[in-house]
1. Return the lysines within reach of Lys59: Cα separation strictly under 23 angstrom, same-chain partners fewer than 8 residues apart disregarded; answer none if there are no such residues.
2. What dipole magnitude, in Debye to the nearest 20, does the chain give about its Cα centre under +1 on Lys/Arg Cβ and -1 on Asp/Glu Cβ?
3. Rank Leu41, Ile14, Val62 by how far each Cα sits towards the positive end of the charge dipole of the chain (+1 on Lys, Arg Cβ; -1 on Asp, Glu Cβ) and give me just the farthest.
4. Provide the gained length on full extension for the span Lys43 to Ala15, in nm with one decimal, where the gain is 0.36 nm per separating residue minus the Cα-Cα distance.
5. How much length, in nm to one decimal, is gained on full extension between Gln61 and Leu34, taken as 0.36 nm per residue of separation minus their Cα-Cα distance?
6. Which one, (i) 30, 14, 9; (ii) 62, 10, 4; (iii) 27, 13, 12, gives semi-axes √(5λ) of the Cα gyration tensor in Å as derived from the coordinates shown?
Amino acid sequence: MRGRLREDRGITLIALTITIIVLLILAGVSIASLTGENGILGKAQIAGEKTKEATAKEKVQVEVMRKLWK
């Protein structure tokens with residue numbers, strides 16, 4: 001009976017250790033995908049800048065068309 005309890009504790013400790021390692025790996029991958037040059041945050045910032053440029057360009061085109069139709 002005592003031998004079995006020790007085995008159960010060891011398996012539980014090993015399972016906990018493996019779970020923590022897997023979670024750390026997943027956290028590292030997630031952080032890496034968020035930050036960096038090709039990360040989600042960087043791409044979102046670039047997309048925001050492109051949207052502002054496109055909006056300004058569209059406003060100019062609308063004004064030009066408005067002047068041509070008068």
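1. Lys50, Lys67, Lys70
2. Value, rounded to 20: 240 debye.
3. The residue sitting farthest along the positive end of the dipole is Val62.
4. Stretched out fully, the Lys43 to Ala15 stretch lengthens by 6.3 nm.
5. 6.1 nm
6. (ii)
Computed from the coordinates by the stated procedures, all read-outs in this text should not be read as laboratory data. Predicted model only: the values in this text are computed from it and were never measured. All Cβ positions, glycine included, derive from the backbone under ideal geometry; neighbour counts span all protein chains shown.
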